[in-house]
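*Asks:* Before I ask anything, here is the structure I am working with.
The values are calculated or read from the model by the stated rules, or taken from the named source; none is laboratory data. Keep in mind the model is a prediction, meaning the values are calculated, not measured. Positions of Cβ are generated from backbone atoms using ideal geometry, with glycine treated the same way; all protein chains shown enter the neighbour counts. Remember, those area values only see protein heavy atoms, side chains included, never the ligands or the DNA or RNA. Shrake-Rupley method; radii C 1.70, N 1.55, O 1.52, S 1.80 Å.
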Amino acid sequence: MEDRFYLYNDVVDSKTRFISFMGEESRFDLAITATDRFYGKKLVLNMQSNRFAIIGPDDLEEEGYLEHAFQLLEAEAEELRHFLMEIV
């Protein structure tokens with residue numbers, strides 16, 4: 001067996017919050033993970049679509065970011081954005 005070249009292989013402490021909520025447009029089942037790995041941003045996983053993104057306050061202000069990352073319609077993304085502003 002040949003030696004494996006790792007770019008990194010770290011174990012870090014993390015805190016994950018599981019949240020499910022129903023908006024006017026859509027239901028969201030999220031896992032939100034916080035570590036010191038992402039420079040203060042959170043790893044947000046939509047468990048219904050298996051899509052995820054590393055999100056901070058600056059990303060929530062970027063037009064089209066949530067729509068693209070989670071493949072959402074504009075109204076759905078606005079619901080998610082409003083919720084995530086409270087979290088991140």
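*Asks:* Multiply the residue separation of TYR8 and GLU74 by 0.36 nm, subtract the distance between their alpha-carbon atoms, and state the gained length in nm to one decimal.
*Replies:* That works out to 20.1 nm of additional length.
*Asks:* With a 10 Å radius around each residue's Cβ, average the other Cβ atoms per peptide and rank 79-86, 16-23, 4-11, 34-41, highest first.
*Replies:* Descending mean neighbour count gives 79-86, 34-41, 16-23, 4-11.
*Asks:* In segment 37-88, carbon and sulfur make up what percent of the accessible area (probe 1.4 Å)?
*Replies:* C and S fraction of accessible area: 52 percent.
*Asks:* Continuing with this model, one more query. Report, to the nearest 10°, how far helix 74-87 tilts away from the longest principal axis of the Cα atoms in the chain, using its own Cα long axis and a range of 0 to 90°.
*Replies:* It works out to around 60 degrees.
*Asks:* Which semi-axis lengths, in whole Å and largest first, follow from the square roots of five times the eigenvalues of the Cα gyration tensor of the chain?
*Replies:* Gyration-tensor ellipsoid for the chain: 28, 14, 13 Å.
*Asks:* Please list, in order along segment 63-70, the HN-Hα scalar couplings obtained from phi with the Karplus expression 6.51 cos²θ - 1.76 cosθ + 1.60 (θ = phi - 60°), rounded to whole Hz, x for Gly and Pro.
*Replies:* 4, x, 5, 5, 4, 6, 4, 10
*Asks:* How much net charge surrounds PHE52 when only other residues with a Cβ under 13 Å from its Cβ are counted (Lys, Arg +1; Asp, Glu -1)?
*Replies:* Spelling it out: positives minus negatives among the neighbours equals +1.
*Asks:* GLU76: net charge of surrounding residues, Cβ under 11 Å, Lys/Arg +1, Asp/Glu -1, itself excluded?
*Replies:* After counting each charged neighbour, the total is -4.
*Asks:* Convert each backbone phi in segment 6-19 into a coupling constant with the Karplus relation 6.51 cos²θ - 1.76 cosθ + 1.60 (shift: θ = phi - 60°), then list the ³J(HN,Hα) values in order as whole Hz, x for Gly and Pro.
*Replies:* My calculation for segment 6-19 gives 8, 6, 7, 8, 10, 10, 10, 6, 9, 10, 10, 10, 9, 9 Hz in order.
*Asks:* A further question on this structure: Counting alpha carbon pairs within less than 8 Å and at least 6 residues apart, what relative contact order, in whole percent, applies to the chain?
*Replies:* 20 percent
*Asks:* Which value in deg cm²/dmol, rounded to the nearest 500, describes the helix-derived mean residue ellipticity at 222 nm for the chain, given -39,500 (n - 2.57) per DSSP H run of n ≥ 4 and division by the residue count?
*Replies:* Value at 222 nm, helices only, nearest 500: -8000 deg cm²/dmol.
*Asks:* Exactly which GluC sites (Glu not before Pro) in segment 1-75 are in a DSSP loop and have at most 16 other Cβ atoms within 10 Å?
*Replies:* Those satisfying the criteria are GLU2, GLU24, GLU25, GLU62, GLU63.
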